[in-house]
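The numbers here are math on the coordinates, done by the rules we state, and not lab data. If you're wondering where the values come from, they're calculated on a predicted model, not measured in any experiment. Cβ placement follows ideal geometry from the backbone for every residue including glycine, while neighbour counts extend to all protein chains displayed.
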Amino acid sequence: MQAFTQNVLKIIKLIPEGKVMTYGQIARLAGNPRAARQVARLLHSMSQKHDLPWHRVINAQGKIAIHDEAGAESQRMTLEGEGVPVIQWRINLQEFQASASELPIHSNFPEDQL
């Protein structure tokens, strides 16, 4: 598994309950700021296998990005169950976006990426 993929999986696992992160934010912390779509693909293909809290990852506009209605509804309900209100499929990033400082980042993440 490539280092970027490993970093993405670690970061997603570290998102605290009641918080969200964006695909681009995760890509930047994992070492490739232009790889938001790759984060989305990894999340889609590895969520079950690695037991990822997939519901805590949203797009840069603070919106649920799942196009499947049942999946989007599942994400909304799970987030609201963690205390994150979802209004018109949108999350208030100013209030609920996790910052890098909120993650128990380990030494394998370069400081300039935090």
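So what's the angle, to the nearest 10 degrees on a 0 to 90 scale, between helix 3-14 and the longest Cα principal axis of the chain? Helix 3-14 and the main axis of the chain meet at about 50 degrees. Given [x] 1.10; [y] 0.99; [z] 1.15 as candidate values of Cα Rg over 2.2 N^0.38 Å, which corresponds to the one derived from the coordinates? Given [x] 1.10; [y] 0.99; [z] 1.15, the calculated one carries the label [y]. Specify which residue in the list Leu14, Ala70, Val84 is farthest towards the positive end of the charge dipole of region 3-97, using unit charges on the beta carbon of Lys, Arg (+1) and Asp, Glu (-1), about the Cα centre. Highest projection toward the positive end goes to Leu14.
On the basis of the beta-carbon distance and an R0 of 30 Å, Leu93 and Met1 show a calculated FRET efficiency of 0.50.
Computed about the Cα centre, the dipole magnitude for the chain is approximately 380 debye when only Lys and Arg (+1) and Asp and Glu (-1) carry charge, each at its Cβ.
The angle between the Cα long axis of helix 69-81 and the main principal axis of the chain comes to about 80°, on a 0 to 90 degree scale.
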